[in-house]
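Quick notes on the structure that follows.
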Amino acid sequence: SKAALDNESDKNRAKKIMQKNNIRTADFFITNPGEYLNENAIPISFPLFIKPVTGGDSRGVDKNSIVFNFESFTAKVLDIKIKQNSPSLVETYLAGKEYSVGIFDKLSKLAEDSFKALGGKSLGRIDIKMDHFGIPHFIEANLMPGLRTGYFYRSCVLNLDMSYEDMIFSIANTGLSSH
């Protein structure tokens, strides 16, 4: 639905929904250039991970997204505003592995809860990253993943040993059975 897509496309809104539903996600805040004037004003500790509030496909994420000091923080927030025309979502850096979980079959509890909290109905992708203790956290969602051979298809291959044709057939069946 449009409401579900609005929930997942705004990372700030998606993370607030996760918090409201008691689904673990990294501490975060939203900022624009010039909002925090020194390191002491920043509400969470370094290291931080910075990305645009809106957009997908890792746009705005690069080697400078992990920041360890105030100078790097201000530079990345400015870079995102200039190149992506977006405020920045700044979150506690999670040092563990990252997983993308396809939603429509064998679901992990966190991915399923996140998918439902956002209002997902038939298919989607939930990105989860582990912290340094190995505890999974919601990162972001895509309730309209591309149907080519990108992230969503790769998660079907890895998690379900599913061919491209089987993936499309499963998506079509899921959509037909929901009506």
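Summary of values
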| read-out | value |
| --- | --- |
| Residue pairs meeting the criteria (Cβ under 9 Å; at least 6 apart or on separate chains; first within 9 Å of residue 14 (Cβ to Cβ), in segment 129-141; second among the aliphatic types (A, V, I, L, M) and open to solvent by 40 Å² or more (accessible area, probe 1.4 Å)) | none |
| Residues of segment 1-11 that turn out to be open to solvent by 30 Å² or more (accessible area, probe 1.4 Å) and within 23 Å of residue 132 (Cα to Cα), as a count | 0 |
| Positions within segment 118-137 being open to solvent by 30 Å² or more (accessible area, probe 1.4 Å) and either out of contact with any Pro (no Cβ under 8 Å at 6 or more places or on another chain) or modelled with pLDDT of 90 or more (or both), in sequence order | 121, 122, 132, 133, 134, 135, 136 |
| Residue 114 being more than 30 Å from residue 172 (Cα to Cα), in contact with a Gly (Cβ under 9 Å, 6 or more places away or on another chain), surrounded by 15 or more Cβ atoms within 10 Å (Cβ to Cβ) and among the hydroxyl-bearing types (Ser, Thr, Tyr) | no |
| Segment 16-53, subset buried (at least 18 other Cβ atoms within 10 Å of the Cβ) and not aliphatic (A, V, I, L, M), residue farthest from residue 130 (Cα to Cα) | 36 |
| Index of the failed condition, residue 98 passing every other in (1) open to solvent by 60 Å² or more (accessible area, probe 1.4 Å); (2) without any contact (Cβ under 8 Å) to a residue 24 or more places away in the chain; (3) of a type in the set (D, E, K, R) | (2) |
| Residue match in segment 82-90 (condition: surrounded by 14 or more Cβ atoms within 10 Å (Cβ to Cβ), under 22 Å from residue 115 (Cβ atoms), of a type in the set (A, V, I, L, M) and modelled with pLDDT of 95 or more) | yes |
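The values are calculated or read from the model by the stated rules, or taken from the named source; none is laboratory data. Source: prediction; values computed, not measured. With ideal geometry, Cβ positions are generated from the backbone for all residues, glycine too; neighbour counts draw on all protein chains shown. When the accessible area is computed, the model is the full protein with side chains, heavy atoms only, and any ligands, DNA or RNA have been set aside. Shrake-Rupley method; radii C 1.70, N 1.55, O 1.52, S 1.80 Å.
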